[in-house]
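Here is the structure we will look at.
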Amino acid sequence: MSEKKLYPFVLNDENVINSYGFRVRNSGINFQRFDDNPVMLEDHRNETAYVRGNWKNRRTEGSKLVMDGNFDVDLPAAQTLEGQVDRGFVKGASPGLAIDWSEDPFERQPDGNWDLIRSEMVEGTVCAVPSGPGSLVQLLDKRTGEIITEDQIKLSLAQLKADFKNSNTPTMEGKITLTTDAAAFLLAFGLTNCDTAPGISNAIMKLKAELDSKDQKYNDLKTEHDKQIKLQAEALVDAAIAAEKIVAGDKAEWVELALANLSLATKQINKLPGKVSLTAGMSNSSGTAATATAVKSIDDFEKLSNEAKLAWKEANPEEYKSLFKR
């Protein structure tokens, strides 16, 4: 029995920039999961129906990552693909790599290009048209498992390039000419040496520190003021409850009113009638104050003021009926 034919493919050349604009460093690829299941797919389709075989003899040859394709000849689709490879119509291969953006997988190199230095290989695909002399690369988001599109890759690289440029742009250290108004404003706050970028930065930070200090003082004063207003509001309402001008169940509403406008709450409470004392309009023949229990006869009742009579009648309806019962 003849030995089964294997087909060598270059899946990556770390010296070649692919069509996405970056290189893949072979030493940065984690093969642990791939080696347990070195599956060969068609078109990077992660479905059983698109399995076309597996990969053998993974190795590096200089800058190239090389593997031998082993086609599943029991599958008609795999036989067809193997025939195209054998006849020289299909020559390309592509690694499926998973990356985690939080690991900063890309790194700028001294030549100004970007290398993918951290990735994990999950599959290898035989493809018709590689993106460069080495191979085409498909990237997956390691956290979601979703394919990272070509536009997303290019946009991410563009952002990395912009961030790198901004972080390496020299800061402006030369003299800066301020307008007359700006210079006068800074001088009014005692800020000098503000004709350079560092000087202006220091001035801004000093102004911010002063503003923060004043804000803290204001907040402390406001907190103390609010505390005193609350104490006054609660004292006002408690006194009104004790005088039976308002009921205890309405305390929260009256306190809220007093917190919003203490003066208005005070005026409203002062207008409310308090508890009526029957002794206020009652006196005996000697001129001393009588008590409510002193109303034992019609004569006692007649000694009361009209207001006290009404109050006693409402407070003692049964005694009132007995008093005038004929």
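Of the numbered conditions (1) crowded, with 16+ Cβ neighbours inside 10 Å; (2) within 15 Å of Leu139 (Cα to Cα), Asn70 satisfies every one except a single condition; which is it? Failing condition for Asn70: (2). Would you say Ser19 is out of contact with any strand residue (DSSP E or B) (no Cβ under 9 Å at 6 or more places or on another chain) and either among the β-branched types (Val, Ile, Thr) or surrounded by 12 or more Cβ atoms within 10 Å (Cβ to Cβ) (or both)? In short, yes.
Just one residue in the set Glu47, Glu82 is assigned by TED's automatic domain parsing to the domain that holds Val126 and within 18 Å of Leu140 (Cβ to Cβ); that residue is Glu47. Could you tell me which numbered condition Val24 fails, if it satisfies all but one of (1) loosely packed, with under 14 Cβ neighbours inside 10 Å; (2) in contact with a Leu (Cβ under 7 Å, 6 or more places away or on another chain)? Result: Val24 passes all but (1). Say whether the condition of being farther than 16 Å from Asp13 by Cβ, part of a strand (DSSP E or B) and among the aromatic types (Phe, Trp, Tyr) is met by at least one residue in the stretch 81-97. There is no residue in the stretch 81-97 that is farther than 16 Å from Asp13 by Cβ, part of a strand (DSSP E or B) and among the aromatic types (Phe, Trp, Tyr). Screening the candidates Ala233, Ala209, Ala243 for the property of being within 30 Å of Glu314 (Cβ to Cβ) and either in the same structural domain as Leu310 (by TED's automatic domain parsing) or at pLDDT below 90 (or both) yields one hit, Ala243. From the list Asp74, Asp111, the lone residue that is under 30 Å from Lys165 (Cβ atoms) and not in a strand (DSSP E or B) is Asp111.
Going by the conditions given, is Val39 closer than 24 Å to Asp151 by Cβ and surrounded by 14 or more Cβ atoms within 10 Å (Cβ to Cβ)? When the stated conditions are applied, Val39 does not pass them.
The single condition from (1) in contact with a Lys or Arg (Cβ under 7 Å, 6 or more places away or on another chain); (2) touching a residue at least 24 places away in the same chain (Cβ under 8 Å) that Glu103 fails is (2). Only one of these conditions is not met by Asp72: (1) in contact (Cβ under 8 Å) with a residue 40 or more places away in the chain; (2) in contact with a strand residue (DSSP E or B) (Cβ under 7 Å, 6 or more places away or on another chain). Which number is it? Every condition holds for Asp72 apart from (1). Put simply, of Lys142, Lys91, Lys154 the only residue that is modelled with pLDDT of 75 or more, in contact with a strand residue (DSSP E or B) (Cβ under 6 Å, 6 or more places away or on another chain) and basic (Lys, Arg) is Lys142. Just one of the listed residues (Lys251, Lys230, Lys206) is under 30 Å from Phe185 (Cα atoms) and either assigned to a helix (DSSP H, G or I) or without any contact (Cβ under 8 Å) to a residue 12 or more places away in the chain (or both), and it is Lys206.
The values are calculated or read from the model by the stated rules, or taken from the named source; none is laboratory data. The structure presented is a predicted model; accordingly, all values stated were derived computationally and were not measured. No Cβ is skipped: glycine too gets one built from the backbone with ideal geometry, and neighbour counts run over all protein chains shown.
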